[in-house]
Amino acid sequence: MPKGKPKTRVYLFGSLLNDLLGLHEHPIQLNLEAPSPLYEVLNLLPIPLARVQLAMVNHRAVPQDHVVCPGDRVALFPREYALFADWKDFRF
């Protein structure tokens, strides 16, 4: 039997996670058909983009136009999270 594409897992932190408790599984699993810009992936989620301060893909801070591939790990942090100085250029 052929294997499908790996699921992209989206982990939420802080108030982003609290807002979804009981409404969605965590991590949220997405079936991306092809590599997609992060901002398109974020539009698939049930959270407003304005609430996200920082995104990390595979444990690295990335800009909104970063390409997310099937099987990647995406972590989203809300605006109330403090940022390290070296992440300031990745703030949404």
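The values are calculated or read from the model by the stated rules, or taken from the named source; none is laboratory data. Quick caveat: nothing in here was measured; it's all calculated off a predicted structure. In this analysis, Cβ positions are derived from the backbone assuming ideal geometry, glycine residues included, and neighbour counts consider all displayed protein chains.
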Original post:
Across segment 1-26, what is the number of residues that are part of a loop (DSSP other than H, G, I, E, B), over 22 Å from residue 82 (Cα atoms) and at pLDDT 90 or above?
Top reply: 2
**OP:** All but one of (1) touching a residue at least 24 places away in the same chain (Cβ under 8 Å); (2) out of contact with any Pro (no Cβ under 8 Å at 6 or more places or on another chain); (3) not hydrophobic (A, V, I, L, M, F, W, C) hold for residue 33, so report the exception by its number.
**Re:** (2)
Subject >> Lone qualifier among 66, 59 - being modelled with pLDDT of 95 or more and loosely packed, with under 11 Cβ neighbours inside 10 Å >> reply: 59
